[in-house]
Structures are given as structure tokens and as C-alpha cells.
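As C-alpha cells, the structure follows; a few thoughts come after it.
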Amino acid sequence: MELKISHEQIKEMVELLENFYTSLDNITDYYLQKKYERLGQKEYRDITNEVFSDYSMNPMDMDITLEEIDENTFSTFTTQIATFPIESQIGRRLTFGLKENKTNTYIGFIRIASPVSSISPRNEYFGESLPLISVNKHIYNGQTIVPVQPFGFNYNGGKLVALVCLSNEIRNIFNKKYDTNICLFETTSLYGNDKQVSMYDGLKPYLRFKGLTQSENTLNPTDDIYYTIRDICRLHYGKEEWSGRVVKPKGSSPKTREYNEVLRIIKEHLKVYDIEKHKDFVSMMKKYSVTKQKKRYYLSEMGFSNVKEYILKGDELIRTDENNSKYDFNNLVDYWKKKSYNRWTNLNTDNRLETTNQIYTRDLIENGLPFNTIR
């Protein structure tokens, strides 16, 4: 590679990355850094009165409905209530809000999207890696499943939001919009093997744990750092046919691919400018910039009795009338209410109900969050 960036600029780029990554103690710190950044990117309206807060309400008395919402509404709410930074999504997707109608407030949010092309627990389930055409035709992913907190804590709200992803209502909307025949739902836990349990546990036969993922994930720095080092690399190595980028813009995960190329450019310069610094930089990036978390993978056959045969061999898709009605939205809500009632009652008895809503702002993150950030 022809070296086009000065030694001084490379040193400054490395220092930016070092300061960012070495300030993180764990994945939660990373999520908070990204969330803090996201909250500063635009003005968000006050949602305090639009999310559920009446924790004296018996879950058996709740009137819950599902509504499709636009991406902007979805982003406004989830950015302020989720423990993790909500990323934009390309490709096929649907966004929904769950409402409790007696209080006219939201209790959770869902984004259904296209699944990844290949994932190890799914490959083990089918005995092979499915062709992409089969994946896109028959599987969708619970990309974002977020209950309002502490609705999630007090009422097992995460289980409700997860169950709704399996509903005939969402499946039918997705099938109609994208000309699919969905018969498999999948999702992964947020915090992976850092936590031994997940809000998706305890939902058999609807949702089952099917193993751990194997992939490593690059933790991209905050945008102020990323754009600074990316723009320097684009200035010297960007190609006109790629609209100034250092990688082809087509393909999946363009931001991650370009970041990986930026890192490669930095390393190539360090090999020449300072071989010891190159070794330190490679070691630092291995230690801090990649998470080897194995996420918990969950799967639902959505009441169909022969999903494997149907997808692998083209057999007729079979579902009993009983299972068909079992996956109606109202039946799933009723199933959740029984679990929720026990949880809410026990917390009441033990005087452990939480009553302060978990809504993120930049000020709260700066001054120390007053609530538990991991559920």
C-alpha cells in the first residue's frame, strides 16, 4: 500500500480510538456511550405521559392492542426507553407499538426485520445452511423487542412483547407486504452469555432456546470518532466510483465494512511508521473492539408441525385449527396475563414493585443513572 497519510495524523487517529476503547469496562458501558451519542443527535419530545406508568393496575384488567407505527415514532420512543442504542434498519421491516388502552399509553415496541443469512444455531436446527431465498421467504427476525420499564420488570412485559411477534396478526401483515410465507421466528438475547437467563425464557411451547451464536461483533466507536478517522481515509483513499468511499457501497453492513478497511489502512501505516505501536494497536483492538459474546438464540415454529420438511423439501405446510387460533393476538395476550398476574402479585406481596419509569436522557447518563440499566 502506498502510504498517503502522515505519521502525525495516524498517531492522532490511533489516540482517538485508544481513548474510546480503553474507557469501556464492559458491554453495558459501550451501549451507554452509543445511547448518549444517539440522544444528542436530535431533539426528542417528552414521552413521559405517553408510556405506561400505572403500576397499581392488575394485568388481568388491561386492555392491550397492537398498532403499526412509522419508523420515526418507533425511533423516538425506543431511543428513550431501550437499554441499548437503536440502530437504523435497511431492507424489509415492520414497526409496531403495544398499547394499554385504559391508560392510552405504550407498553412496548417491536421491529420485525429480515434475518441474517446464516447463523449457527439455525444451521444446526436444519442440519445445513439454508439458501438465502429460503431464509427470506420463510423466516423473520425479532430485531428489536422492547418493553417499557419497569413495565417489563413488574409484569414480565418482555415476554408479552416477544409473544406478540409470533402472532397471526404480525405474520399476516408481513406476508402480505413482502409476499412471503413465514413459518419460523427467531431472535437473540441482547446481553448474550453475560447473563444466564433471558426475558425469552419460560415461553415454551411458543418460544424455545436453541443454542448460542458463535460470531464476533465489532464495536464501532461513536460517530464523532468514526467520521473523523473515516473522512481522513476517504480523502486519501476514497474512489470516485464508490462515491468517495474506501469500500464498495453495495452489500450488507457498509458502515462496518468501511470501518474495517479504515482499521486496515491505519495498521498498514503503523507497520512502516512505528512497528511497536503497530503491535500495541493490534493488541488493543483485539482486546477492546471485538465482543466475543455468544448470544442466546431463540426460535419458534409458530404452531406449524413440519417446518423443517416444508422449508427443506417443499412439503405442504401444516397447522392445526387449534394452533391457528392459539397464535391469535388476543390468545397470546391472555396466555401472558396469567404469567404476569403471578409476577405482579408476588412483587406486590414482597413490596418490590418498581414505580419510576426508565426514560433515558443525556443528563441522566452524565449524572449517573438512577435505575438498573440491565433487565
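The values are calculated or read from the model by the stated rules, or taken from the named source; none is laboratory data. Remember, predicted model here, so these are calculated numbers, not experimental data. Glycine gets a Cβ as well: all are built from the backbone with ideal geometry, and neighbour counts include every protein chain shown.
Regarding Ile119, is this residue in contact with a Leu (Cβ under 6 Å, 6 or more places away or on another chain), surrounded by 20 or more Cβ atoms within 10 Å (Cβ to Cβ), in the same structural domain as Val307 (by TED's automatic domain parsing) and not acidic (Asp, Glu)? No.
When segment 122-136 is filtered for residues that are without any contact (Cβ under 8 Å) to a residue 60 or more places away in the chain and either within 17 Å of the chain's Cα centre (by Cα) or crowded, with 17+ Cβ neighbours inside 10 Å (or both), the ones remaining, listed by number, are Val135, Asn136. Pairs are defined by a Cβ separation below 9 Å, a sequence spacing of at least 6 or placement on different chains, a first member in segment 352-365 that is assigned by TED's automatic domain parsing to the domain that holds Asn342, and a second member that is surrounded by fewer than 16 Cβ atoms within 10 Å (Cβ to Cβ) and not in a loop (DSSP other than H, G, I, E, B); the pairs so defined are Arg352/Asn346; Asn357/Thr48; Ile359/Thr48. Pairing each residue of segment 170-191 that is hydroxyl-bearing (Ser, Thr, Tyr) with any residue that is assigned to a loop (DSSP other than H, G, I, E, B), provided the two are 6+ apart or on different chains, yields C-beta distances under 6 Å for Tyr178/Arg92; Thr188/Lys295; Ser189/Ser198; Ser189/Lys295.
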